[in-house]
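The values are calculated or read from the model by the stated rules, or taken from the named source; none is laboratory data. It should be emphasised that the depicted structure is a prediction, and the values quoted were computed from it without experimental measurement. With ideal geometry, Cβ positions are generated from the backbone for all residues, glycine too; neighbour counts draw on all protein chains shown.
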Amino acid sequence: MHSIKGLSLFGLILCPILSWAVWLSLPDVPSPANEDGSAMCYGKHEDIGYVWLLHGRALVPPGHGYFNRYDIGQHQWNSEELAGMPQSPGTTGEGAGIAYVPDSFAQPGQPATGWIFGFKGNHTDEFWVYKPGDNAWVSCPSPQQQYVEAGGALCFGGYHPISGTKTAFVYAFTGTENVWNQGIFLRYRFDAAGPEYGSWENLSPYPDPVDGASAMAWCRPATATEFGNVYAMIDDGGWIMHEYNAGLGIWGLQGGFMPGVPHPGMAMATAPGGTTIWCFRGGGFSDWWSFDANSGAYRYLTQPQDRTWRGQVRGASLCSDGNWVYAELGNTGFPEFKKYAHMEMEEEESDGGQGDAATAADGRLSVSVTPGAGAHTFRLSGALHGRIVLNVSDPLGRTVFAQHVTAATGEAAIVWYHAAAPAGVYFYRVETPDAVAGGKLILTR
């Protein structure tokens with residue numbers, strides 16, 4: 001690791017590879033503990049980042065699926081009541097899942113927003129989409145395959161040009177295996193007509209039975225086609241991580257054997273635009289790890305030390321905003337909510353000149369930071385178009401600066417005036433419609 005020297009009064013250290021990790025407790029979910037079928041996702045509405053949470057089975061009166069959101073910037077659960085997923089008869093049950101899909105059909109310069117797609121589970125094939133602007137759930141076509149049961153899961157699969165039309169993908173497992181002892185794997189697709197006007201298509205079935213639990217995450221590693229890959233783990237499949245190549249339409253092994261046997265309560269998450277996948281083991285274990293989709297390597301991560309977290313089982317869920325991984329316990333009687341930071345960084349020197357670039361995984365966005373007296377300039381380059389958002393946060397995840405610009409060319413700049421900010425560690429994150437990049441900086445006085 002390089003030594004730190006020669007810093008100016010307002011020195012900046014860019015850290016694109018130091019390894020550190022921390023779990024932090026957040027306000028508990030204002031409801032009973034999660035149980036089977038709980039699910040989480042991260043997504044923005046009107047440029048505000050939220051963790052969206054759907055609770056599982058028997059937590060509410062029949063006919064109302066409990067739904068809530070956590071405001072990341074304000075560090076609180078929203079006090080207003082969100083509309084519950086319409087459920088008659090029954091409540092959210094085994095196999096429920098949600099996935100956030102950003103609205104890429106909005107006009108450039110509009111605040112970032114999106115939709116939350118959800119499976120009800122509980123032995124039904126109900127499929128819904130939540131529209132935050134309307135605070136309403138709208139019915140979508142059902143997969144019409146079989147009832148979604150234990151092991152049902154959803155994940156966003158990106159936007160893609162299909163026959164000249166921008167099309168959104170949502171991947172799905174229906175849960176319990178079919179008569180051929182293979183997991184039913186589907187894709188829901190829609191275009192600018194609206195999220196409720198999509199259609200389902202059968203894909204190559206998962207090579208093992210999907211039963212008890214499953215988890216999925218989508219990303220686009222360096223070796224993938226524009227359609228990206230879906231990564232999945234299931235409890236009946238043992239230690240294997242499978243990869244679905246969406247460009248070729250086939251499943252294959254990826255990464256060999258995982259560090260622990262997955263169980264009910266397992267969960268997976270990846271940050272928007274990222275290629276690191278976070279995995280909870282489930283089944284009464286609090287161990288978890290990360291998976292690098294580019295290298296296929298696994299890494300054990302720091303476990304939460306709380307005694308209650310050593311028993312996380314059915315209903316546990318994960319999501320990530322790129323800076324933190326958010327986690328909720330399942331089926332333990334403790335409605336605990338936490339976030340985890342794990343950065344792989346290598347400190348670089350700075351003498352007050354041009355900062356090193358932080359490049360997004362797909363190479364379409366680079367960020368360089370120039371320190372100055374009382375301000376730092378973030379210079380952005382790449383395939384830039386539309387709304388670009390810069391967020392700077394402290395180690396507790398609190399936003400200290402946020403600003404957006406609209407770019408029509410390949411370059412843009414945002415200035416952070418930080419004269420009132422205390423010295424310390426900060427994290428920055430830049431989002432464009434197509435890519436995400438971020439890094440760590442140390443502000444000295």
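Details
- Hits in region 218-264 (condition: of a type in the set (Phe, Trp, Tyr), at pLDDT 70 or above and part of a strand (DSSP E or B)): TRP218, TYR231, TYR244, TRP251
- Annotation note: of ARG398, ARG379, the sole residue that is modelled with pLDDT of 85 or more and under 25 Å from GLY109 (Cα atoms) is ARG379.
- Selection of region 420-445 for residues being touching a Leu at 6+ places or on another chain (Cβ under 9 Å), part of a strand (DSSP E or B), small (Gly, Ala, Ser) and closer than 25 Å to GLN110 by Cα yields only ALA437.
- Considering region 288-297, the residues that are under 18 Å from the mean Cα position of the chain (by Cα) and not charged (D, E, K, R) include one that is surrounded by the most Cβ atoms within 10 Å (Cβ to Cβ), namely ALA293.
- Test: residue in region 198-214 that is touching a Cys at 6+ places or on another chain (Cβ under 9 Å) and not in a loop (DSSP other than H, G, I, E, B): no
- Matching residues in region 7-66 - criterion: being small (Gly, Ala, Ser), modelled with pLDDT of 60 or more and outside any loop (DSSP other than H, G, I, E, B): SER25, ALA39, GLY43, GLY49, GLY65
- Residue that is nearest to TYR426 (Cα to Cα) [pool: residues in region 366-413 that are β-branched (Val, Ile, Thr) and over 23 Å from the mean Cα position of the chain (by Cα)]: VAL369
- Test: residue in region 159-169 that is modelled with pLDDT of 85 or more and in contact with a helix residue (DSSP H, G or I) (Cβ under 9 Å, 6 or more places away or on another chain): yes
- GLY439 of a type outside the set (A, V, I, L, M, F, W, C) and surrounded by 21 or more Cβ atoms within 10 Å (Cβ to Cβ): yes
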